[in-house]
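Below: the structure, in structure tokens.
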Amino acid sequence: MKNISKSVFLVVSLILVAAMVAACGGSSTPGAPVSDPSGGNSTVTVSGSTTVQPLAEKLAEAFMTENTGVRIDVQGGGSSVGVKAAGEGTSDIGMASREIKESELIEFPNLKIIVIARDGIAIVSHPDVNVGDLTIEQVRDIFSGKITNWKDLGGEDQNIIIVSREEGSGTRGAFEEMVMGEDALIAATAILQPSNGSVRTTVSTTPYAIGYMSFGYLDETVKPISIDGVAPTEPNAADGSYPIVRPLNMLTNGEPAGMVKAFLDFILSEAGQKLVVEDGYIPVK
Amino acid sequence: MSARMIADKTVKVILFASAIVSILIVLAIGFFIFRESIQAWSEIGVGDILFKTVWRPGQDQYGILAMIVGSVSVTLGAILLGVPLALGCAIFLAEIAPAGVQAVVRPAVQLLAGIPSVVYGLFGMVILVPLVRKLNVPGNSGYGLLAASIVLAVMILPTIASVAEDAIRAVPENYRHGSLALGATKWQTITKVVLPAGKSGIIAGVILGVGRALGETMAMIMVIGNSVIMPQPLSDNPLTFFLSQARTLTGNIAVEINYATGVHESALFATGVVLFGLIMIVNASARWIIRGQKFIEKAN
């Protein structure tokens with residue numbers, strides 16, 4: 001019995017050591033340049049921002065009907081994942097719904113950024129809130145927890161319930177960059193929801209709630225709030241009068257080539273940009 | 001060696017190998033989670049991770065104490081609400097219900113265990129959260145510990161009820177006969193004789209429920225609000241503690257892992273290590289108590 005347990009222990013530890021060696025040796029070197037990510041292959045992988053994902057899926061579908069024999073796989077993961085996937089070459093194209101951070105450009109110096117559309121971020125409240133217009137400063141003070149009651153904004157005497165996205169989300173990143181600025185932080189008491197859709201559900205069902213989401217997710221269940229008198233609509237975002245607008249990016253490691261280039265060219269073509277408009281985003285061309 | 005002996009040996013080896021594989025899987029998971037978390041422990045520091053309450057990956061602050069408190073509070077709430085219910089259910093099934101009623105109630109309770117956790121979450125989000133919001137306390141959003149505890153109480157009910165029922169049934173019949181013969185009523189027999197005799201089994205059931213509660217993820221994300229704050233009472237009434245939003249250790253991992261890179265990712269693995277440790281302690285104590293129970297049974 002003793003011998004058996006001893007040999008079992010030996011086997012277990014041997015396998016563990018082997019697994020350890022395999023795991024350490026197997027990790028790829030990040031940042032290695034990939035000259036031609038598509039390599040003439042007929043499958044293009046796209047991953048990253050969940051905001052860009054639905055649009056990318058539609059673009060991919062349209063591209064695939066025109067080019068039979070090409071497969072484009074679109075996956076989510078979030079903007080940071082998109083940057084990493086493109087930079088490390090695990091995906092041919094990465095998607096990011098915010099500006100690329102300096103630290104990311106240092107880590108992946110070969111990243112090529114292609115802006116495929118622009119997207120406004122709307123501030124929305126529960127439909128019963130009777131405040132319809134705020135300044136950027138007021139929005140910042142609400143989300144940082146400085147203003148906690150609607151009465152300070154001319155509304156009812158009710159506590160404001162903040163709904164935000166989680167750390168790392170591209171929508172949150174863009175909101176922090178354009179509204180919160182360098183110093184203000186989103187209050188820790190904010191309810192955090194992990195997607196645009198669940199932010200909308202939470203804001204629409206929670207009285208006195210305020211949140212933010214991509215224009216593409218606006219519907220009649222939530223009330224859009226104007227910023228300095230400018231309503232969050234596509235024409236206002238396109239002509240520059242609505243201030244909270246972010247780029248939707250596609251990223252490649254190095255110059256795109258082959259099918260990857262063909263797909264990106266299609267997105268920027270008239271047909272591709274038409275789909276961008278159909279989805280409620282602002283075209284770049 | 002005869003063919004029968006060879007067959008016998010082969011089966012033994014295969015069974016032995018399957019047992020080893022499950023041990024290996026546990027060890028491998030533990031090992032890889034720990035390996036991924038090493039960067040966080042060394043760069044942020046063990047003390048800063050375990051005892052700081054501010055979690056802001058954007059500002060390189062990675063304290064998970066608020067999440068530990070969140071997980072423990074919601075589990076405590078679930079135990080407070082769920083244990084009396086589960087215990088009542090177990091006593092009813094083991095001692096009172098006639099066979100016909102048992103045949104309906106037991107599968108119904110066990111069915112609760114089969115409902116996917118996202119369905120519990122949906123139910124909590126659409127039904128419970130608006131109900132909790134009706135409590136008129138400033139700052140009460142409905143999302144928080146109370147709604148999460150209620151959902152969790154229902155989720156751990158089948159685990160506790162079935163283990164507790166087994167423990168009650170394991171109490172030797174002559175205990176009951178002795179008590180009844182001395183003139184005790186049925187209720188006195190249950191509370192003074194049967195429950196104390198089955199105590200360790202019942203406690204083991206509760207601890208298994210605790211383990212299940214600590215590990216629950218999806219339903220918690222949907223109803224607890226996910227704010228990284230130390231839960232605290234919203235007003236002078238200390239009970240409003242349970243209206244506070246919170247985040248669980250499991251929720252922290254699930255909500256942020258999609259976006260995390262570098263130290264942030266490693267800190268999420270560190271969260272996993274803490275969770276792993278907590279659950280291991282809980283399960284070990286359950287085993288320890290169950291073993292104690294077996295001992296008593298043998299002595300009888």
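The values are calculated or read from the model by the stated rules, or taken from the named source; none is laboratory data. The structure presented is a predicted model; accordingly, all values stated were derived computationally and were not measured. Counting neighbours? That spans all protein chains shown, and the Cβs are built from the backbone with ideal geometry, glycine included.
What pairs come up if the first residue lies in region A:61-74 and is free of Cβ contacts under 8 Å to residues at least 12 places away in the same chain, the second is surrounded by 16 or more Cβ atoms within 10 Å (Cβ to Cβ), and their beta carbons are under 9 Å apart, counting only those six or more places apart or on different chains?
Cβ pairs passing all conditions: A:GLU61/A:ILE72; A:MET64/A:VAL70; A:MET64/A:ILE72.
For region B:83-94, does any single residue satisfy the condition of being within 14 Å of chain A (Cβ to nearest Cβ) and of a type outside the set (S, T, N, Q)?
no
Among the residues of region B:24-49, which ones are more than 14 Å from chain A (Cβ to nearest Cβ) and either closer than 24 Å to A:ALA187 by Cβ or basic (Lys, Arg) (or both)?
Answer for region B:24-49, where residues must be more than 14 Å from chain A (Cβ to nearest Cβ) and either closer than 24 Å to A:ALA187 by Cβ or basic (Lys, Arg) (or both): B:ILE44, B:ASP48, B:ILE49.
Of the residues that make up region B:193-203, is at least one crowded, with 23+ Cβ neighbours inside 10 Å, closer than 28 Å to B:GLN39 by Cα and modelled with pLDDT of 90 or more?
No: zero hits.
Residues to consider are B:ALA170, B:ALA147, B:ALA164; find the one that is buried (at least 23 other Cβ atoms within 10 Å of the Cβ) and farther than 20 Å from B:SER71 by Cβ.
Sole residue among the options that is buried (at least 23 other Cβ atoms within 10 Å of the Cβ) and farther than 20 Å from B:SER71 by Cβ: B:ALA164.
Would it be correct to say that B:VAL194 is touching a Leu at 6+ places or on another chain (Cβ under 7 Å) and not charged (D, E, K, R)?
No.
Within region A:234-271, take every residue that is touching a residue at least 12 places away in the same chain (Cβ under 8 Å) and in a loop (DSSP other than H, G, I, E, B) and give me the one that is surrounded by the fewest Cβ atoms within 10 Å (Cβ to Cβ).
So the residue we want is A:GLU255.
Looking only at region A:77-94, filter to residues that are in a loop (DSSP other than H, G, I, E, B) and surrounded by fewer than 24 Cβ atoms within 10 Å (Cβ to Cβ); which one of those is nearest to the other protein chains (Cβ to nearest Cβ)?
A:THR90
Considering only region A:127-230, give the strands (runs of 3 or more DSSP E) lying wholly within it that have at least 2 residues that are touching a residue at least 12 places away in the same chain (Cβ under 8 Å) and surrounded by fewer than 22 Cβ atoms within 10 Å (Cβ to Cβ).
Hits in region A:127-230: A:223-227.
When A:ILE123 is evaluated against the numbered criteria (1) within 12 Å of another protein chain (Cβ to nearest Cβ); (2) buried (at least 22 other Cβ atoms within 10 Å of the Cβ), which criterion, by number, is the only one it fails?
In the conditions (1) within 12 Å of another protein chain (Cβ to nearest Cβ); (2) buried (at least 22 other Cβ atoms within 10 Å of the Cβ), A:ILE123 misses (1) alone.
For region B:119-169, enumerate the residues that are under 26 Å from B:PRO238 (Cβ atoms), among the polar types (S, T, N, Q) and in a helix (DSSP H, G or I).
Matches in region B:119-169: B:SER149 only.
For A:PRO109, all conditions in the list (1) part of a loop (DSSP other than H, G, I, E, B); (2) surrounded by fewer than 16 Cβ atoms within 10 Å (Cβ to Cβ); (3) in the same structural domain as A:GLY181 (by TED's automatic domain parsing) hold save one; what is the number of the exception?
Failing condition for A:PRO109: (3).
Residue by residue through region A:164-185, note down the ones that are of a type in the set (A, V, I, L, M) and at the interface with chain B (Cβ under 9 Å from one of its Cβ atoms).
Hit for region A:164-185 is A:LEU185, nothing else.
Quick one: which helices (runs of 4 or more DSSP H) sit completely within region B:43-118 and have at least 1 residues that are charged (D, E, K, R)?
B:46-51, B:99-114
Listed residues B:VAL118, B:VAL154; which is more than 18 Å from A:SER204 (Cβ to Cβ), surrounded by fewer than 22 Cβ atoms within 10 Å (Cβ to Cβ) and away from chain A (no Cβ under 14 Å)?
None of the others qualify; the one that does is B:VAL154.
On the basis of being more than 13 Å from chain A (Cβ to nearest Cβ), more than 13 Å from the chain's Cα centre (by Cα) and in a helix (DSSP H, G or I), does B:VAL255 make the cut?
no
Which of the residues that make up region B:219-234 are within 10 Å of chain A (Cβ to nearest Cβ) and either touching a strand residue (DSSP E or B) at 6+ places or on another chain (Cβ under 6 Å) or without any contact (Cβ under 8 Å) to a residue 24 or more places away in the chain (or both)?
B:ILE224, B:GLY225, B:ASN226, B:SER227, B:VAL228
Counting only residues that are among the aromatic types (Phe, Trp, Tyr) and in a helix (DSSP H, G or I), which one in region B:258-290 is nearest to the chain's Cα centre (by Cα)?
Step by step, filter region B:258-290, then rank; the result is B:PHE276.
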